[in-house]
1. Would it be correct to say that Leu23 is modelled with pLDDT of 90 or more and within 23 Å of Ala129 (Cβ to Cβ)?
2. Quick one: Thr66 ticks every box in (1) exposed (fewer than 14 other Cβ atoms within 10 Å of the Cβ); (2) closer than 25 Å to Thr87 by Cβ; (3) touching a Pro at 6+ places or on another chain (Cβ under 8 Å) except a single one, so which number is it?
3. Looking only at residues that are farther than 16 Å from Asp95 by Cβ and among the acidic types (Asp, Glu) in the stretch 130-152, which one is least open to solvent (accessible area, probe 1.4 Å)?
4. Before we move on, is Gly11 in contact with a strand residue (DSSP E or B) (Cβ under 8 Å, 6 or more places away or on another chain), open to solvent by less than 20 Å² (accessible area, probe 1.4 Å) and not hydrophobic (A, V, I, L, M, F, W, C)?
5. When Leu45 is evaluated against the numbered criteria (1) crowded, with 16+ Cβ neighbours inside 10 Å; (2) assigned to a loop (DSSP other than H, G, I, E, B), which criterion, by number, is the only one it fails?
6. Which residue pairs have Cβ atoms closer than 9 Å, lie 6 or more positions apart in sequence or on different chains, and pair a first residue in the stretch 137-158 that is closer than 18 Å to Ala60 by Cβ and modelled with pLDDT of 80 or more with a second residue that is basic (Lys, Arg) and open to solvent by 70 Å² or more (accessible area, probe 1.4 Å)?
7. Being open to solvent by less than 20 Å² (accessible area, probe 1.4 Å) and modelled with pLDDT under 55 narrows it down to one residue among Gly110, Gly100, Gly105; which is it?
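The values are calculated or read from the model by the stated rules, or taken from the named source; none is laboratory data. Remember, it's a predicted structure, so these values are computed and weren't measured experimentally. Methodologically, a virtual Cβ is constructed for each residue, glycine included, from the backbone with ideal geometry; neighbour enumeration extends over all protein chains shown. What goes into the accessible areas is simple: the full protein's heavy atoms, side chains included, and nothing from ligands, DNA or RNA. Shrake-Rupley method; radii C 1.70, N 1.55, O 1.52, S 1.80 Å.
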Amino acid sequence: MTVAAVDVAAGSDGHRDWAPPVLCHFTGLGGDLALAWDVHAPADLEPAPPTESEAVLRLAARLGSTVLHPAEGVRPSACWAATPEGTGTRARVLDGETGGDNTGGDNTGGDNTGGHTSGHTSGHTGGEARPVLRADAAEEPVRRLPLSGAERIPEVRQDG
């Protein structure tokens, strides 16, 4: 995969090159997370992209940050948290109010997989008003997320 095969555009950026096979879109967030990423890649991309879980673990390691990605199921709050140390645990992320500056790290990133996926990275990157996401819980301690510790997330068992 070459750089020319990927186009990355900011949320407010109306300039997009639609020709590359991989399209990435990111939006700045407030709260506990810095960025939300959407990655679109064709299913027949060569070389084949890693699975979403593998891509997110690689990205977390490369960034030295925690990267969240959606868990399967119907709950939009259900996520997996991938850590730079190579571990993953279930997490819950809730919508907060739209807001500006919140404390946090300085990390950016996203995930890169086949099809359409979304990801979030921990930290904060700016001061303008933006959607706010709050890391509410994780089943294992997660560095760089402002959680008081680990707790059981009951809905994980209900989701199957």
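1. The answer is no for Leu23.
2. The number of the failed condition is (1).
3. In this case the residue turns out to be Glu139.
4. no
5. Among (1) crowded, with 16+ Cβ neighbours inside 10 Å; (2) assigned to a loop (DSSP other than H, G, I, E, B), the lone unmet condition for Leu45 is (1).
6. Glu139/Arg152; Pro146/Arg134
7. When all the criteria are applied, what remains is Gly110.
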